[in-house]
Amino acid sequence: MSTTPKQIVIVGPAHPLRGGLATYNERLAREFMKDSEVTLLTFSLQYPSFLFPGESQYTTDSQPQDLNIDVALNSVNPLNWIRVGLKYRKLKPDLIIFRFWMPFFGPCFGVFGRLVTGNKHTKLVAITDNIIPHERRFFDRPFTQFFLNMLNGAVAMSRKVLEDLQLKFPQTRAAGNSSYHPHPLYDNFGAKTLRGEACERLGLDSQRRYILFFGFIRKYKGLDWLIEAFLMVAGQLKDVDLLIAGEFYEDSDPYLALLKDSEYRERVHLHTHFIPNGAVADYFSVCDLVAQPYKNATQSGVSQIAYHFDVPMLITNVGGLSELVPHGEAGWVCEANVESIAFGLSAIFKQGYLEGIQGQLPELKKQFSWASMVESLLAITR
């Protein structure tokens with residue numbers, strides 16, 4: 001594709017669906033809209049309710065007036081895939097970009113995409129969050145391969161995902177034309193708010209310091225490790241509390257049991273509900289450190305929110321996290337176990353460490369531009 005495509009379709013979550021994937025896709029659409037007409041093709045049914053672990057798949061925010069959103073795809077209805085595929089085949093967009101984060105969507109995307117390319121015009125690429133999913137199922141490999149085989153190319157958002165693509169699916173078309181680009185900066189949550197006012201809105205004491213765990217709570221994200229580690233060092237970090245902000249996507253009882261008999265349980269603040277976009281700035285404005293104690297990972301959008309708000313991070317050395325958060329520059333990289341996390345929490349709150357990191361973040365985050373992501377996607381179509 002020698003010139004910028006005039007008609008682009010981004011397939012994946014968007015309003016009225018909620019969460020980081022929808023936020024990302026809408027931000028990417030706005031970047032492409034500087035030079036192209038963009039449609040966000042999202043789901044009329046993303047997951048059957050019995051497969052969805054949270055309280056709701058839908059946002060209460062009003063629809064963005066600047067975006068063209070087509071709520072049309074049903075992830076489990078093959079007749080729908082055919083109908084929507086034939087519709088877009090006739091529309092003949094120049095480029096379709098799929099957001100691929102789990103194999104479950106392979107059949108839906110694969111049938112839809114193959115029907116569209118019957119027009120001999122449209123090119124198909126993907127942004128791959130994961131190739132090997134966090135929670136594995138028997139259908140993962142065939143569903144993923146079916147999807148990857150139809151693509152003209154793919155951009156992975158971590159080197160680990162690029163490696164998974166190229167080594168585990170080497171014969172697919174996507175693997176033969178793939179590249180790496182880090183997750184761009186989440187710069188759409190506004191500016192930092194005044195800390196005192198943000199603390200008041202969140203019901204927090206502005207005299208305390210806060211470690212923030214942010215996002216959906218799932219086993220692989222290691223919140224249990226973080227709670228255990230914090231309780232180990234809470235006696236040393238007398239002015240520091242743990243703030244957990246995000247909805248449980250699994251049973252909360254094992255996490256709450258860790259706190260039940262602890263003398264420090266009052267210093268762990270549970271905001272365990274879905275955090276709307278309008279409240280994100282408050283959480284990142286009150287915290288001194290963002291902790292991502294993941295047990296396994298590829299990349300994380302939470303890191304890019306922390307960068308936007310110039311908040312240092314503590315991460316575990318898994319997947320592609322350390323690509324985004326270099327030790328001693330953007331935060332602290334520890335090993336994936338409770339003891340290492342506890343040591344990191346203790347060390348990072350030493351006098352002057354956080355302040356030194358904060359001063360480096362504005363320069364480091366310049367590499368995570370949306371314009372560069374757009375160029376990476378266009379490059380694999382040329």
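Any read-out appearing in this document is the output of simple, stated calculations on the displayed coordinates, not a laboratory observation. Computed from a predicted structure; not experimentally measured. For neighbour counting, all protein chains shown are included, and Cβ atoms are generated from backbone atoms with ideal geometry for every residue, glycine included.
Report the relative contact order of the chain, percent, no decimals, based on alpha-carbon pairs under 8 angstrom and at least 6 residues apart.
Working: 750 pairs, mean separation 55.7, N = 382.
Relative contact order comes out at 15 percent.
What's the ranking of 236-243, 278-285 by average number of surrounding C-beta atoms within 10 Å, highest first? Mind showing how you got there, number by number?
On the way: 236-243: 16.8, 278-285: 19.9.
Top to bottom by mean Cβ count within 10 Å: 278-285, 236-243.
With mean projected area of the Cα convex hull in nm² as the read-out, I listed (1) 20.1; (2) 65.7; (3) 18.3; which label goes with the value calculated from this structure?
(3)
In the stretch 7-180, what is the count of Lys pairs whose alpha carbons are under 27 Å apart, counting only pairs at least 8 residues apart or on separate chains?
14
Quick check for the stretch 195-367: number of Lys pairs with alpha-carbon distance under 26 Å, counting only pairs 8 or more apart or on different chains?
Lysine pairs meeting both conditions in the stretch 195-367 amount to 13.
List the GluC sites (Glu not before Pro) in the stretch 9-97 that DSSP assigns to loop (not H, G, I, E or B) and whose Cβ has at most 14 other Cβ atoms within 10 Å. Which are they? Before the final figure, lay out the partial values.
On the way: sites: Glu26, Glu31, Glu37, Glu55; in loops: Glu55.
In loop regions of the stretch 9-97 (DSSP not H, G, I, E or B), the sparsely surrounded GluC sites (Glu not before Pro) are Glu55.
Multiplying the sequence separation of His273 and Leu45 by 0.36 nm and subtracting their Cα-Cα distance, what value in nm do you get?
On the way: separation 228, 0.36 × 228 = 82.08 nm, distance 2.23 nm.
Roughly 79.8 nm would be gained on extension.
Could you let me know the centre-to-centre spacing of the stretch 178-251 and the stretch 281-325, using Cα atoms, in angstrom?
9 Å
Go ahead and run the numbers for FRET between Glu37 and Lys192, Cβ-Cβ distance against an R0 of 35 Å, rounding to 0.05.
That pair, Glu37 with Lys192, gives E of 0.55.
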